[in-house]
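Below is one structure; the comments refer to it alone.
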Amino acid sequence: MRYGIKVAGKNTLRKLRVNMHNSVFLKEAVDILSVEKGGKYIDATYGVGGHTAEIIRRGGRVLAIDLDPSVSSDQSATRHIVQGNFSNIKEIAEKNKWFPVRGIIFDLGLSMEQLGKSKKGFSYRNDEDALDMRLSGKGITASEVLNTYSEEELEEFIAKYSEEIMSLKIVRKIVAVRKSHPIATVSDFKKVIESVINRSSYDVYARIFQALRIIVNDEINNLRKGLTGAFEIIRQGGKIVVITFHSIEDREVKRIVATLENAVETRIDVKRQRMLAPYEKSARLRVIQKQ
C-alpha cells in the first residue's frame, strides 16, 4: 500500500515515464476516469508514478499521495511534495485546494521496489531482511508485533487477515519461540512457519506475511478512512477507481461503499492478455461513482 504529496504537471511527464513500471490495470484504470484536459485528479497511491504519468499524458492534472518516505523523497518530477497518509485524503486535498476532483485512483499493491529493495521484510524471499514492514518508517515494527502482542491479539489479527487454516497453530509457535529468542528477521519468521507446516510453502508464507503487514500499517482502517474521505471530495458523477490484491481488502471496499449515500459500485472484469506475475493474478478492479 502507498500513501507525501506530489503535484505534477505536463512538463513532468517524461521524467515520470522513465521511472515507472507496468502498473497493474494501468490503461483500464485511467480509461475509466475519462480524463478531461485540465481536470483535477488524485493518485492516492503514487508508488512509482505509472497512473500519474498516464493521467498527465491524457491532459489531466494530478495531486499524488504516498506514505513511503523513500518514494516521496524523489523530487525530480514534482513541484510540491508533502508526505502523508491516504487516510487523510480529504484534509490533504483541502489544504492544497485540490477539490472537488473528477477522479481518484487507489492502487493498493506494493511496488516491486518496495517488495524487493526496501529491506523492510515485506517479501518472504529476502531472508536477511529485518522484519520492519512500516511503510511510513514510524510506529511499531513487524518484529515488535510478533514479540510483544499477546497470544489472543495475534490469534485475532493473523487469523483474520491471513485467512490461513494453520494460523492458530502458527501463533502458538510464535509465542513459544519468542520466549527463548526474538523473531527478528524474515528467515526467523519463515522457520517458525515451517516448523508448523513441516515444509516450505510460498502460499502460506504469503498469507501470513500479508497479515503481518496489514497489522503493522493499519491498512484496513486506513482504507476505510481513505475511501470515505475520497467520496466527500469527488464531484457528482466523479469516479473512484480501486485496485485490490487480496479478498480481504476487496470485501472491505464493498462494505465501505454500502455505507456511502448515492454511491454505485461496479466490479470491472478485465480481459487478461498477457502472462501475469503471481501477485497480479489476484488483482481486482472496482469503480465507485458518485451519483
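List the trypsin sites (Lys or Arg not before Pro) within segment 181-230 that fall in a DSSP loop (any state other than H, G, I, E or B) and whose Cβ has at most 10 other Cβ atoms within 10 Å. Sparse-neighbourhood loop trypsin sites (Lys or Arg not before Pro): R199. Please compare each pair in K160/K225; K169/K191; K90/K239 to a cut-off of 22 Å on the Cα-Cα distance and tell me which ones are over it. Beyond 22 Å: nothing from the list. Taking Lys and Arg as +1 and Asp and Glu as -1, the other residues whose beta-carbon sits under 13 Å from that of A263 total +2. Neighbour counts of C-beta atoms inside 10 Å place Y149, Y46, Y202, Y41 in the sequence Y202, Y149, Y41, Y46, starting with the fewest. The fraction of Cα-Cα pairs per 10 angstrom bin, counted from 0 for segment 118-217, comes to 17, 57, 25, 1 percent, rounded to whole percents.
Each reported figure results from applying straightforward, stated rules to the coordinates on display, with no laboratory input. Nothing here was measured: the structure is a model prediction, and the numbers come from that model. Cβ sites come from the backbone with ideal geometry, for glycine too, and all protein chains shown count toward neighbours.
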